[in-house]
Amino acid sequence: MKEAKLRHPVTRSEQMIAPLSRFRYGPAVHSQSIFPAYRPRRLRQSPALRRLVAETRLSVEQLVLPLFVCTGQKTRRPIAAMPGVFQLSIDELEREAQRTSELGVPAVLLFGLPATKNDRATGAYSRNGIVQQAVRRLKKAIPQLLVITDVCLCEYMSHGHCGLLEPGKKTGRVLNDPTLKLIAQTAASHAEAGADIVAPSDMMDGRVRAIRERLDQAGFTDVPIMSYAAKYASAYYGPFREAAQSAPHFGDRRSYQMDSANADEALREVALDIQEGADIVMVKPALAYLDIIHRVKSEFGYPTAAYAVSAEYSMIKAASANGWIDERAVTMESLLAMRRAGADILITYAAAEVARWLRET
Ligand SMILES: [Zn+2]
């Protein structure tokens, strides 16, 4: 009865507020939700109250730490542009992964730095490639840790592009279809080594299908694919290129990675990857592409990952080293923004620090 009384007649304030909330609430709710009856500040009075009504949360289970593995022993080579990030030999990688896992971070994303490169990227899919060795070691030492592998050729190619180049002339044209076989072979070799999830980042058309078919043929029907579905050609990758030693020797990656002007195209990319068999879709970079994360999650409802890329990390580190910002607060706020936009999984170089901070709160 009370409800009926509230519903009619529609008051002027209801008319004002209804368009703002027509998707979620009827006007009946909002006849009460107007000042002075409704005071939003009531629920902001204490940390406990704010936490109680928080719509979005950060938790350690959502984090993935990217790690760079190199050849050698007892090697822990700092990356100048990414303070706190290292190129690690396999023994050091195991130690780092162990610490990360103890902090509750459930997954790492592996990038390999081979000793040698060539124009067929053989190191990417060789049985004893750097990533394959690292995966075997990690899965043996820390079985509960999810090991995700980046699947691409650029780190193993002498020219640094993500695919095969047109032979002969130096046109720099990256060939799509011939590259697919090598990408699929790389993913299968990672699965064979024990990878829990393979993550293709090359942005060749059709690579998710090629990988799915190859994995299924090899008996890895249960290995999920996390596709870098909407990966933009971004200046935010700058510091990573040093970390992964993967800068192309000529040209750029704009013929295969997405143009940052486009959003509808990102939805088509994601739709294609899902049709081809992607289990998790990723948007990369994260903070400058929150609209894309939001649209991808709203449109498809698939598990969605956001990759907070190297410059997102380095800019916070640099500004905080200068005393200009509060590193912890800005990091947490940025990750929360990705969650709010719709990301389920947060790939960040700050994962271990964030895990520590989350324990303290
Ligand atoms: Zn690549």
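The values are calculated or read from the model by the stated rules, or taken from the named source; none is laboratory data. A quick note: this is a predicted structure, and the numbers were derived from the prediction, not measured. Every residue, glycine among them, receives a Cβ derived from its backbone with ideal geometry; neighbour counts consider all protein chains shown.
When Lys170 is tested against (1) away from the ligand (no atom under 15 Å from the Cβ); (2) closer than 26 Å to Ile345 by Cβ; (3) outside any helix (DSSP H, G or I); (4) among the charged types (D, E, K, R), just one condition goes unmet, and that condition is (2). Taking each residue of the range 98-127 that is within 14 Å of Arg356 (Cα to Cα) and looking for partners that are assigned to a loop (DSSP other than H, G, I, E, B) and hydrophobic (A, V, I, L, M, F, W, C) with beta-carbon atoms closer than 7 Å, six or more apart or interchain, yields Ser101/Ile142; Ser101/Leu145.
So which of Ser260, Ser255 ends up being within 16 Å of the ligand (Cβ to nearest atom) and either buried (at least 16 other Cβ atoms within 10 Å of the Cβ) or not in a helix (DSSP H, G or I) (or both)? Write out each step before concluding.
Numbers: Ser260 fails: within 16 Å of the ligand (Cβ to nearest atom).
Going through Ser260, Ser255 in turn, just one is within 16 Å of the ligand (Cβ to nearest atom) and either buried (at least 16 other Cβ atoms within 10 Å of the Cβ) or not in a helix (DSSP H, G or I) (or both): Ser255.
The set of residues from the range 82-131 being surrounded by fewer than 18 Cβ atoms within 10 Å (Cβ to Cβ), at pLDDT 95 or above and among the small types (Gly, Ala, Ser) comprises Gly84, Gly104, Ser126. Scanning the range 173-188 for residues that are away from the ligand (no atom under 16 Å from the Cβ) and crowded, with 17+ Cβ neighbours inside 10 Å yields a single hit, Ala188. Residues in the range 152-167 that are under 22 Å from the mean Cα position of the chain (by Cα) and more than 9 Å from the ligand (Cβ to nearest atom): Tyr156 alone. When the range 199-222 is limited to residues that are within 14 Å of the ligand (Cβ to nearest atom) and outside any loop (DSSP other than H, G, I, E, B), the one that is farthest from Ile280 (Cα to Cα) turns out to be Arg207. Could you list, ordered by first residue, the pairs with Cβ atoms under 7 Å in which the first is in the range 48-66 and more than 13 Å from Arg359 (Cβ to Cβ) and the second is charged (D, E, K, R) and part of a helix (DSSP H, G or I), at least 6 apart or interchain? Correct list of pairs: Arg50/Arg44; Thr56/Arg339; Thr56/Arg340. Only residues that are surrounded by fewer than 17 Cβ atoms within 10 Å (Cβ to Cβ) and more than 16 Å from Pro200 (Cα to Cα) were counted across the range 223-241, and they come to 3. Contact map, the range 144-161: first residue part of a loop (DSSP other than H, G, I, E, B), second residue among the polar types (S, T, N, Q) and within 13 Å of the ligand (Cβ to nearest atom), Cβ cut-off under 6 Å, separation 6 or more or different chains; pairs are Cys152/Ser201; Gly160/Ser246.
If you filter the range 270-283 down to residues that are under 16 Å from the mean Cα position of the chain (by Cα) and assigned to a helix (DSSP H, G or I), you find that the one that is nearest to Ala230 (Cα to Cα) is Val270.
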